[in-house]
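A.B. asks: This is the structure, below, for whatever I ask next.
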Amino acid sequence: MREQLVLLDNVVFKYDGQEHNAVDHVSFDVFKGEWLAIVGHNGSGKSTLAKLLNGLQFPLEGKIIVNGMELSEESVWDVRKRIGMVFQNPDNQFVGTTVQDDVAFGLENAGIEPEIMRERVKNALKRVKMDQFLNQEPHHLSGGQKQRVAIAGVLALQPDIIILDEATSMLDPRGREEVLETVRELKEENVLTVISITHDLEEAAKADRMIVMNQGTVYRNGTPREIFQLEEELISLGLDIPFSIKLAKSLRENGVEIEDRQLTDGELVKELCELNSRM
Amino acid sequence: MRIELQDVEYRYQVNTPFERLAIHDVNLVIEPGTYTALIGHTGSGKSTILQHLNGLLQPTKGKIQVGDRTIEAGKKEKQLRPIRKKVGIVFQFAEHQLFEETVEKDICFGPINFGVPEADAKLLARDALKQVGLGEEILGKSPFDLSGGQMRRVAIAGVLAMEPEVLVLDEPTAGLDPRGRKEIMDMFYQLHQERGISTVLVTHSMEDAARYADEIVIMHKGTVYQKGSPNEVFSQPEQLVELGLDVPDTVRFQLRLQKEMGVRFDKPCLNIEELAMEIKRVMKWGERS
């Protein structure tokens, strides 16, 4: 039985002065231990969802329940202890003058004892493999390293959920892989439930579940395999499909009898090898 | 306009404890009307080179020829303005540089700064806005009321309005969704083809480098590691992988298939259709039963 961690029930949100709802009657849930990818074109409402989930904005209608608590102006501080967030720009979220100060910042705000604080800072930095950089200043770090420090800052507060709001979109390929690998490991160790808001369809293909947002509503909710069956439909929504699916399609058009939709290069290579040995 | 870098070196903060060699022995020619992609890791020197192309940085050794102007190490260089008009740079996250009250004023800022009369600048602004696919109705709006994608386009229009002969693009599509990325890249390619604008693209995307560039220049540890056509550069993908660089999806797939299926491809495939046909060929699909 999957344990429900977050519930959105008919959530509506509109920015002041805008004609349309940014989020329009959205309902879905998030289960403990899963990696949920939320995709959609720029302006589809996915970043607004992130802001609603940790109480930077509040719904005009409907409700959000996190760990059994309804999110409201009264409960927001308790909810934020459960949900940590990593934003897009590595340079906008580094508040400390050194790596360890930065991770300690959230703990200080939460009034944690210095002894416990030191322990947690060290542990969190170890988890993201940045414990060699305790006294480094932020400008000596790469974008990927800064984002890993931001993740450590979230981890130190021991939340249940981490939201990545396009957290890898400003990084180079190596930085992106570093960050995703870090989050993947944390998820494997059952430390965190991950909600990743992303444009990176290859990353989304590796999620447990995907939600496709379009014009403020949930367009589709399903496994990557189900979602990427939509193929052309996704492209018409301004999205893309993983490379292996495009290649498999082209192979089929050229008469090579590929069976299913292959979500990763590995799966497609395997099927081609099997076909090759059968011929 | 031709740009040539000869034995260029640049050190940051010379004669301080923070002195750092950013690029060295860089030799590079950008012929008029070509499309060049500059690739390499963060820290490989791409951005430092880019800032030399319009005289924002002056080499600490060597020289740069930009059109008929020479910028040499050790010489006081004045009047670089004409170069900056001819070589337009679209910086990463260009929308962060928007500052004016209206879209029109923001786009006109560059041309007016270069001495274009206001009335002409306004015409240029309208033309530039059209090129980036936005309508005139936003001219009177505050750039800060636009969506992220629109802001990016307005910032690009501000560079185009200066009518540059060379366009230097530093990761112009970072942070955009897939459709936005394709639209902007296609727009630059169209400008390149229709107006003969030389284009220098700094990118992490090997797909874009392979798709648009005539020549790819690979930077590694501050100097040019390799240059050539996409076909030449990607014909030895193992080297790039060793440097920790990406290769196009198609080439990455070829490498994996070679390894796991034991087949041999004769050449790198740079698009999906080509790869599908090559796979069919190496598997001898349809020839065996």
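Read the figures in this text as sums done on the coordinates, not as results from a lab. The structure presented is a predicted model; accordingly, all values stated were derived computationally and were not measured. Neighbour counts run over all protein chains shown; Cβ positions are idealised from the backbone, glycine included.
A.B. asks: Would you kindly derive the ³J(HN,Hα) couplings of the stretch B:132-145 from the backbone phi angles with the Karplus curve 6.51 cos²θ - 1.76 cosθ + 1.60 (θ = phi - 60°), listing them in order in whole Hz, with x for Gly and Pro?
C.D. replies: 8, x, 10, x, 5, 5, 8, 3, x, 7, 6, x, 7, 8
A.B. asks: What FRET efficiency do you get for A:His140 and B:Glu242 if R0 is 22 Å and r is their Cβ-Cβ distance, rounded to the nearest 0.05? Write out the running numbers ahead of the final one.
C.D. replies: Working: r = 26 Å, r/R0 = 1.19.
Computed FRET efficiency for A:His140 and B:Glu242 comes out at 0.25.
A.B. asks: For the stretch A:4-241, what is the relative contact order in percent, using Cα pairs closer than 8 Å and at least 6 residues apart in sequence?
C.D. replies: Over the stretch A:4-241, the number comes to 27 percent.
A.B. asks: Relative to the longest principal axis of chain B, what angle (0 to 90°, nearest 10) does the C-alpha long axis of helix B:148-160 take?
C.D. replies: 70 degrees
A.B. asks: On a 0 to 90° scale, report how tilted helix A:173-188 is relative to the longest principal axis of chain A, with both axes built from alpha carbons and the result rounded to the nearest 10.
C.D. replies: Approximately 80 degrees, to the nearest ten.
A.B. asks: Relative to the first principal axis of the alpha-carbon coordinates of chain A, what is the inclination of helix A:114-127, with its axis defined by its Cα atoms, in degrees from 0 to 90 and to the nearest 10?
C.D. replies: 20 degrees
A.B. asks: Just grab the label-to-label distance for A:Phe105 and A:Glu74, each label 7 Å out from Cα along the Cβ direction, in nm (one decimal).
C.D. replies: The modelled label-to-label distance comes out at 3.1 nm.
A.B. asks: Right, another one. Could you calculate, for chain A, the ratio of the Cα radius of gyration to the Kirkwood radius, expressed as Rg to Rh?
C.D. replies: Radius of gyration over Kirkwood radius for chain A works out to 1.01.
A.B. asks: Assuming 0.36 nm per residue, please report the length gained on full extension of the stretch A:Arg225 to A:Asn254 beyond their Cα-Cα distance. It would help to have the intermediate numbers written out before the result.
C.D. replies: Values: separation 29, 0.36 × 29 = 10.44 nm, distance 2.26 nm.
8.2 nm is the gain from fully extending A:Arg225 to A:Asn254.
A.B. asks: Once you have a ≥ b ≥ c as the square roots of the Cα gyration tensor eigenvalues for the stretch B:248-289, tell me rounded if a/c is under 1.5, and otherwise prolate or oblate according to whether a/b is larger than b/c.
C.D. replies: Details: a/c = 2.43, a/b = 1.41, b/c = 1.72.
Since a/c reaches 1.5 but b/c is at least a/b, the shape of the stretch B:248-289 is classed as oblate.
A.B. asks: Let me ask you something else. Tell me, what is the percent relative contact order of chain B, built from C-alpha pairs under 8 Å that lie six or more residues apart?
C.D. replies: Rounded, it is 21 percent for chain B.
A.B. asks: Can I ask one more? For the protein assembly as shown, take N as its residue count and report Rg(C-alpha) divided by 2.2 N^0.38 Å.
C.D. replies: Output field value: 1.04.
A.B. asks: Extending each Cα 7 Å along its Cβ direction at B:Glu72 and B:Glu101, get the distance between those two points in nm, one decimal.
C.D. replies: Between B:Glu72 and B:Glu101, the simple spin-label model gives 4.8 nm.
A.B. asks: What lysines sit close enough to A:Lys246 to cross-link, taking a C-alpha to C-alpha distance under 23 Å and skipping anything fewer than 8 places away on the same chain?
C.D. replies: Leaving aside lysines fewer than 8 places away in the same chain, those within reach of A:Lys246 are A:Lys206, A:Lys270, B:Lys182, B:Lys259, B:Lys267, B:Lys280, B:Lys284.
A.B. asks: Quick one: 3J(HN,Hα) in Hz for the stretch B:227-234, Karplus 6.51/-1.76/1.60 with θ = phi - 60°, rounded, Gly and Pro as x.
C.D. replies: The phi angles translate into 9, x, 5, x, 4, 5, 4, 8 Hz.
A.B. asks: Suppose only helical runs count, i.e. DSSP H with n ≥ 4. What mean residue ellipticity at 222 nm does that imply for chain A under -39500 (n - 2.57) per run, divided by all residues and rounded to the nearest 500 deg cm²/dmol?
C.D. replies: Values: 11 runs with 110 residues, N = 279.
Dividing the helical sum by the residues of chain A leaves -11500 deg cm²/dmol.
A.B. asks: Continuing with the same structure: Using a ≥ b ≥ c from the Cα gyration tensor of chain B (square roots of the eigenvalues), is it rounded, prolate or oblate, where a/c under 1.5 gives rounded and otherwise the larger of a/b and b/c decides, a/b for prolate?
C.D. replies: oblate
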